[in-house]
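Visitor: This is the structure I have questions about; it appears just below.
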Amino acid sequence: MAKAQFKIEGLAKHELIEFKFIKNLIIIPLTINNKGPYNFILDTGVGVFLISDPKLIDTLHLTNLRKIKVIGFGEGKELEAGVTGYLDVNIGRSIAGSLPAAVLKEDAFDLSSYTGIPIHGLIGYEFFNSFIVRINFLEKALRVYKPSLDVNLRKGTTIPIIINGGKPYLICKIALGDSIINAQMIVDTGAGHPLWIENVDQRPVVLPGKNIPANLGVGLTGAIDGHIARISSLRIDKFELKNVIAAFPDFNDVGSKVGSERNGNMGNAILKRFEVIFDYRRNALQLKPNYDFKKAFEHDMSGLELVYRTPDFTRLFIGRVEPGSPADELGLIPDDEIININFKPAKDWNIDEVQELFRSRPEKGILLTVLPKGEKKTQLLMLTLKRRI
């Protein structure tokens, strides 16, 4: 296990950190070289401290960056990044660290548009390897403990994990068709989806019969296409979840490029149903179901992917429309601007409220006031939700 790169200063044995939880992403504030605060996604799926906003190069006066190439999943070219010297990073009242960062030359993720607030980067392994990290999703709070302590969830279940390449893996059982797969999955707090299934025995996954094509997000080098479907069950130790939504990225884009050590990843749409403790030093994950454990899994029923495209994040645009979806049938297209939702200005909704509305129930009607791309006159449209999977 690598040396810890963060510590709790002073006599305190733990630190409480409140976080924002937007689009199923954990976002924490931190300072770098006494500047900030900056918003970073807490991501067990990244092995390096990553600054995704290249504007911080000038803001932090970063010089003499060692150039590297970053290769990731998605359609596109490799990205350029620079590696910094050691930076002073502070979180909360007493957490301090010194570590280098990889700085992307261009913001490939564009997570600010996705979440509606400025996002400056990702922090993962160095943080989790330094502490015992307890996540309470319902309270939107992290409690971070010194690694020498013995911390347990009352009535929690301890599950072994393996730390490989700076990422935590666990074994779970996935019911896919007539098969039960013992899948090795990354436990990924930087992923908003429930499950992401890349391969079975390094071969393409046979998709469930009912599925829809989808844009599954953005990798380091571009968009990732695939399908969304349901699996009948997911079992993690003694916990079983039914009718789980799963993403199946195109095998040639993703599955063929990963090693035999993994079948995919498990994101926050699963983890948020538990209180969670990550304990890298003991190779352990603790889970305790919370009030959201039995909630049904629902996928977006509108077909709209919405983004913010102005610096103040008050204007909401259509970023993508799923083919064959209610939004597609209504004639909505990318770059149309959403002015009002049910007569309430778009700027008065947060993105999670909109997403919850779009997942609410089939046949629900939603009134959208839309300014079509390139036009000056708005339209009032009725979007009727439809469950597609």
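Visitor: Limited to the range 252-285, what total is found for residues that are modelled with pLDDT of 95 or more and among the hydroxyl-bearing types (Ser, Thr, Tyr)?
Guide: 1
Visitor: If you don't mind, there's one more thing I want to ask. Pick out, from the range 6-116, the strands (runs of 3 or more DSSP E) lying fully within it that include 1 or more residues that are over 20 Å from the mean Cα position of the chain (by Cα) and of a type in the set (Phe, Trp, Tyr). Lay out the reasoning, then the answer.
Guide: Details: elements: 6-8, 14-18, 20-22, 25-32, 35-42, 66-70, 79-83, 87-91, 95-99, 102-104.
Answer list for the range 6-116: 6-8.
Visitor: Another question, if that's okay. If you go through the range 231-240 one residue at a time, how many are in a strand (DSSP E or B) and farther than 14 Å from residue 180 by Cα? So that I can check it myself, show each step before the final result.
Guide: Filtering the range 231-240 down to residues in a strand (DSSP E or B) leaves 231-236, 239-240.
Narrowing further to those that are farther than 14 Å from residue 180 by Cα: 239.
Total meeting the criteria: 1.
Visitor: Related question: Of everything in the range 1-56, what is farther than 18 Å from residue 93 by Cβ, surrounded by fewer than 21 Cβ atoms within 10 Å (Cβ to Cβ) and of a type in the set (Val, Ile, Thr)? Give them in sequence order.
Guide: 27, 48
Visitor: Here is a check on your reading of the model: is residue 288 surrounded by 22 or more Cβ atoms within 10 Å (Cβ to Cβ) and either at pLDDT 95 or above or out of contact with any Pro (no Cβ under 9 Å at 6 or more places or on another chain) (or both)? Outline the logic, then answer.
Guide: Details: surrounded by 22 or more Cβ atoms within 10 Å (Cβ to Cβ): no; either at pLDDT 95 or above or out of contact with any Pro (no Cβ under 9 Å at 6 or more places or on another chain) (or both): yes.
No.
Visitor: Counting just the residues of the range 350-376 that are surrounded by 14 or more Cβ atoms within 10 Å (Cβ to Cβ) and among the hydrophobic types (A, V, I, L, M, F, W, C), which one comes out modelled with the lowest pLDDT?
Guide: If we take residues in the range 350-376 being surrounded by 14 or more Cβ atoms within 10 Å (Cβ to Cβ) and among the hydrophobic types (A, V, I, L, M, F, W, C), then 351 is modelled with the lowest pLDDT.
Visitor: Next question, about the same structure. Among all residue pairs at least 6 apart or on different chains, which show Cβ distances below 6 Å where the first residue, located in the range 40-63, is on the phi > 0 side of the Ramachandran plot and the second is part of a loop (DSSP other than H, G, I, E, B)?
Guide: none
Visitor: On to the next question. Can we say residue 153 is surrounded by fewer than 18 Cβ atoms within 10 Å (Cβ to Cβ) and either over 26 Å from residue 102 (Cβ atoms) or among the aromatic types (Phe, Trp, Tyr) (or both)? Walk me through how you get there before you give the answer.
Guide: On the way: surrounded by fewer than 18 Cβ atoms within 10 Å (Cβ to Cβ): yes; either over 26 Å from residue 102 (Cβ atoms) or among the aromatic types (Phe, Trp, Tyr) (or both): yes.
Judged against the criteria, residue 153 is a match.
Visitor: Considering the range 321-349 alone, what residues qualify as being under 27 Å from the mean Cα position of the chain (by Cα), in contact (Cβ under 8 Å) with a residue 40 or more places away in the chain and surrounded by 15 or more Cβ atoms within 10 Å (Cβ to Cβ)?
Guide: Across the range 321-349, the qualifying residues are 322, 325, 326, 327, 332.
Visitor: Filter the range 310-361 down to the residues that are outside any strand (DSSP E or B) and touching a Pro at 6+ places or on another chain (Cβ under 7 Å) and list them by number. So that I can check it myself, show each step before the final result.
Guide: Of the range 310-361, the ones outside any strand (DSSP E or B) are 310-315, 322-336, 342-343, 346-361.
Passing the criteria: 323, 336.
Visitor: Okay, moving on. Which of the residues spanning the range 301-312 are touching a Phe, Trp or Tyr at 6+ places or on another chain (Cβ under 6 Å) and surrounded by fewer than 23 Cβ atoms within 10 Å (Cβ to Cβ)?
Guide: Selection gives 307, 309.
The values are calculated or read from the model by the stated rules, or taken from the named source; none is laboratory data. On a predicted model such as this, the values are computed, not experimentally measured, just so you know. A quick note on method: Cβ atoms are made from the backbone with ideal geometry, for glycine too, and the neighbour counts reach across all protein chains shown.
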